[in-house]
1. What are the ³J(HN,Hα) couplings of segment 210-219, residue after residue, when phi is run through the Karplus curve with 6.51, -1.76, 1.60 and θ = phi - 60°? Round to Hz, x for glycine and proline.
2. If we count other beta carbons within 10 Å of each Cβ, what is the order of T50, T285, fewest first?
3. Let me know the whole percent of all Cα-Cα pairs from the chain that are separated by more than 33 Å.
4. Mind pulling the angle between the C-alpha long axis of helix 194-205 and the longest principal axis of the chain? Nearest 10 degrees, somewhere in 0 to 90.
5. Arrange the following residues from fewest to most other Cβ atoms within 10 Å of their Cβ: D206, D279.
6. Which value results for Rg/Rh of segment 71-129 when Rg is the Cα radius of gyration and Rh the Kirkwood radius based on the inverse mean 1/r?
7. How high is the relative contact order of the chain, in percent, counting Cα pairs under 8 Å that sit 6 or more residues apart?
8. Please report the antiparallel percentage of the DSSP beta bridges confined to the chain, to the nearest 5.
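Each value in this text was obtained by applying a stated rule to the coordinates, not by laboratory testing. Just so we're clear, the structure is a prediction, and the values are computed from it rather than from any experiment. A quick note on method: Cβ atoms are made from the backbone with ideal geometry, for glycine too, and the neighbour counts reach across all protein chains shown.
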Amino acid sequence: MVTTTSSTKLPNTAGRPVVFDADNKVNLLGLTRPRLRDFFQQIGEKPFRTDQLLKWIHQRGVTNFDDMTDLSKALRVKLSQLAEITPPEVVSEHISTDGTRKWAVKVTSGSLVETVFIPDGERGTLCISSQVGCTLDCSFCSTGKQGFQRDLTCAEIIGQVWLANRSLTKFDPQARRAVTNVVMMGMGEPLLNFDNAIDAANLSMDDCAYGLSKRRVTLSTSGVVPAMKKMIGMTDVSLAVSLHAANNELRNELVPINKKYPIAVLLEAIKNYMDSLPDRRRVVTIEYTLMDGVNDSDEQARELVDVLRDTPCKINIIPFNPFPQSGYKKPSRRRTERFQDILFKAGYIVTVRTTRGDDIDAACGQLVGQVKDKTKRNERYQQKYSEINKDAEQVVRFVSAQQ
Ligand code: SF4
């Protein structure tokens, strides 16, 4: 029997300790390969257990150590004393007439976040949340209107992928893969929850977990530039950036983080991240929510062409989905087509996102969840920035020292 009297700490490869003791079990669902390996080292087990555990948890959906039949009885007992596998809880499921599913997922604070599955032929895209609410308050986003409560843990983020697989395939190894793509575009700004979001992205791509290709896992950011710098070397997840305007005056209004990191600085950060990826053919996805009379004119389309001239990208136009008190309107179909046409003729790959799950409020920008115990947005916002800026400065210093 293993007993511990105090918390055990050992830095993992990313410098973050796995902390646990007999009274404070570690949730293995949220541990990436390096962190799980550290955990096994700490409890005196061989590193090859890492692959076994990852497969049991993420590929077979097993949460009870007793069912892990290729582990010794003694190890199963040890694990059940020190660890747990606890996914978040689904409290409701809605299925749209178009097949889109939306789950309300309860996290430990009692708040709800939303996860959406969008089937499209062979493709199944899962849109996951990374925070309870959001600090950034983009003017057209219903999540932003909810305020902010807290970051999700990695177990709560990857747990959404786990729950979707359980719901869609029951982890049946014979079943066709249901979730083929994961996008972090649900509630929250993933890069303001850096460690947990990057861990969840890396787990989605781990061959012993969900095994998705790097082109099929996308992290979407509104432009937290220091965190984009910090991503370099830590992940090769695909990047999407919510631009929504081609000049600073309008973007300051729509995406307030632009006041801190204006468009030129953002485009530079995109370039640096894309240049860091070994496959030079990869491009960033530029998200552009099109709003009637706000950013949908011919002139604004031409301005976008101009501003993106040196950025290898594809452009995803998202016709705005109105929600109560949003104050913005959906663009007409004719306007949307015209905007797309101008970009297309300038040589860009342009897609227009079809609205899915509208009847269950699962469309883009409609995710609201339920945020309990709201704290002051600005306080959180400032704190997050100073932490991330500090981290980014350390990374820059480290990289400079290596050169
Ligand atoms: S668009 Fe994204 S970053 Fe902006 S408020 Fe909404 S969830 Fe936050």
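1. 9, x, 7, 6, 4, 6, 9, 10, 10, 9
2. T285, T50
3. Pairs farther apart than 33 Å: 32 percent.
4. 80
5. On the way: D206 18, D279 9.
Going from least to most buried by this count: D279, D206.
6. 1.20
7. Numbers: 766 pairs, mean separation 63.6, N = 403.
Over the chain, the number comes to 16 percent.
8. For the chain, the DSSP antiparallel bridge percentage is about 50.
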